[in-house]
Amino acid sequence: FNPFNKSEAEIQRFCQSYMTELSKYIGPDQDVPNMGMGCGVAEIGYLFGQYKRINVRAGSSGKPFLWGGRPVFPEATGYGVAHFAQEMLKDKGDSLEGKRCLIYGSGRVAQTLAMKLMDYGAVPVAFSDTSGHIYEPEGFDRGKLRTVVKVKSDRGAKVGRYIIASTTCQYNDPANFFEIPCDLAFTCGPMNALNDEQVRCLAEGGCEGIVEGGYSSVTAKGQSEIKKQGMSYMPCGVSLTGQTIVTGLERSGKATVNDDDLKAEISRIYGEVKATAAEFNTRGDLHAGSVIMGFLRVANSMASQGAV
């Protein structure tokens, strides 16, 4: 189902049919789906409406399941990616200040990521989608970013429309997106979007690190190449936990969750991942540290509950 070429009525009917089956496996105290590619605030609203129609209980702790289509902190995922990138660089005695950032993607996460990167003093230089990519050699400022957000707000709109509003933008130039010079690359696209050849291309252009802003957007060969090139790497298992952190804080009884709360939790989680990697002889490998830490939490819970 491709939501980008469907009418609003078709999307609503699809969401309702989908939730009719999905409702058997999720709930306020069981599992909470989140926004993602092609699934934004409107779609979550349709899903919640159907869930509410077929279930007696549609909320927990006084809050509606799936927020009732009104997310409490919709920027959490994108902001979280930027905060984790800052923690990664801070650990090396560096920061995002002045870093040229290549953003592969242009959806909701990519947009909010760019906003927070600017807050840190970084310079987003490019966005992309299925139609191609836009490149601002001197970087995007807040005014240009607002234009990108406005362009992409129309369902199915392509990022190439941005060139109408900019005299400095280069569209699909250079032809290879990964040849654009940058200090950091953020992959906010689909799964397996970045392979080993593209990682080499980024490294040759001076890229120092890659941060996943999409689920499993770097292939296994790409991850191996990152190690070979000596680049920093922030895996999606860590970087994409922003919305999960917000949900967890809310369920713990916190009335309101803001960016400072998110930043503090991310700093704590990064420290735990780093310590776990060091404990199991994979010092500096955040991917290994996050996988091991996740496994240990599940294994310890199973052991304590007699489920081994």
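The values are calculated or read from the model by the stated rules, or taken from the named source; none is laboratory data. Predicted model only: the values in this text are computed from it and were never measured. Quick reminder, even Gly has a Cβ in these numbers, built from the backbone with ideal geometry, and neighbours come from all protein chains shown. Each accessible area value is taken on the protein alone, full model and side chains, heavy atoms only, with ligands, DNA and RNA left out. Shrake-Rupley method; radii C 1.70, N 1.55, O 1.52, S 1.80 Å.
Observations
- Neighbourhood net charge (11 Å Cβ-Cβ; Lys/Arg +1, Asp/Glu -1) for SER7: +1
- Heavy-atom accessible surface of the chain, averaged per residue, reaches 49 Å², computed with a 1.4 Å probe.
- log10 of Debye I(q)/I(0), alpha-carbon scatterers only, for the stretch 66-183 at 0.20 Å⁻¹: -1.10
- Considering only ALA299, LEU184, SER252, the residue lying farthest towards the positive end of the dipole of the chain is SER252, judged by Cα position with unit charges set on Cβ.
- Over all other residues within a Cβ to Cβ distance under 15 Å of ASP196, the charged ones net out to +1, with Lys and Arg as +1 and Asp and Glu as -1.
- Dipole orientation for the chain: of the candidates ASN5, PHE140, THR282, ASN5 has the Cα lying most toward the positive pole (charges on Cβ; Lys, Arg +1; Asp, Glu -1).
- The residues neighbouring ALA278, those whose beta-carbon lies less than 13 Å from its own, together hold a net charge of -2 under the Lys/Arg +1, Asp/Glu -1 convention.
- Within the stretch 154-308: Cβ-based charge dipole about Cα centre, in debye rounded to nearest 20 (Lys, Arg +1; Asp, Glu -1): 380 debye
- Relative pair counts by distance (%), Cα atoms of the stretch 78-145, 5 Å bins: 4, 18, 29, 26, 14, 7, 2, 0
- Loop-located GluC sites (Glu not before Pro) in the stretch 137-214, at most 10 other Cβ atoms within 10 Å (DSSP): GLU138
- Apportionment of accessible area to carbon and sulfur, the chain, percent (1.4 Å): 52 percent
- Counted over all Cα-Cα pairs of the stretch 177-303, pairs farther apart than 23 Å make up 39 percent.
- Mean projected area in nm² (Cα convex hull; one quarter of hull surface) for the stretch 106-157: 3.4 nm²
- Span from the the stretch 221-292 Cα centroid across to the the stretch 93-138 one, whole angstrom: 20 Å
- Vicinal HN-Hα couplings computed from phi for the stretch 236-249 (Karplus, 6.51 cos²θ - 1.76 cosθ + 1.60; Hz; Gly/Pro x): 5, x, 9, 5, 9, 8, x, 5, 5, 4, 4, 4, x, 5
- Relative intensity, log₁₀ I(q)/I(0), of the stretch 126-214 from a Debye sum that treats every alpha carbon as a point, q = 0.10, 0.15, 0.17 Å⁻¹: -0.25, -0.58, -0.75
- Amide H within-cut-off set for GLY209, under 5 Å, with H built and near neighbours excluded: ALA185, SER232
- Too-long pairs where the Cα-Cα distance tops 25 Å, listed order kept, from LYS116/LYS254; LYS116/LYS228; LYS24/LYS150; LYS90/LYS263; LYS90/LYS152; LYS152/LYS227: LYS116/LYS228; LYS24/LYS150; LYS90/LYS152; LYS152/LYS227
- For a paramagnetic label modelled on ASP119 (point 7 Å from Cα along Cα→Cβ), amide N atoms under 18 Å away belong, within the stretch 249-271, to 249-250, 256-270.
- The label-point distance for TYR18 and ALA157, in a model that sets each label 7 Å from Cα toward Cβ, rounds to 2.2 nm.
- Counting every alpha-carbon pair across the chain, the share separated by more than 24 Å comes to 56%.
- Ordered from largest to smallest accessible area (heavy atoms of protein chains, 1.4 Å probe), the residues ASP260, ASP183, ASP173 come out as ASP260, ASP173, ASP183.
- Annotation: amide H of HIS133 within the under-5 Å range of ASN172, sequence separation 5 or more or interchain, hydrogens built in the peptide plane.
- Neighbour-limited loop hits for GluC sites (Glu not before Pro), the stretch 72-102 (at most 14 other Cβ within 10 Å; DSSP other than H, G, I, E, B): GLU97
- Computed label-point distance, nm, for sites ASP261 and ALA220 using a 7 Å Cα→Cβ extension: 4.0 nm
- In the chain, the DSSP-assigned H stretches of four residues or longer account for a calculated mean residue ellipticity at 222 nm of -14500 deg cm²/dmol, using -39500 (n - 2.57) per stretch and the full residue count as denominator.
- Estimated distance in nm for a label pair at LYS90 and ASN300, the labels positioned 7 Å out from Cα along Cα-to-Cβ: 2.3 nm
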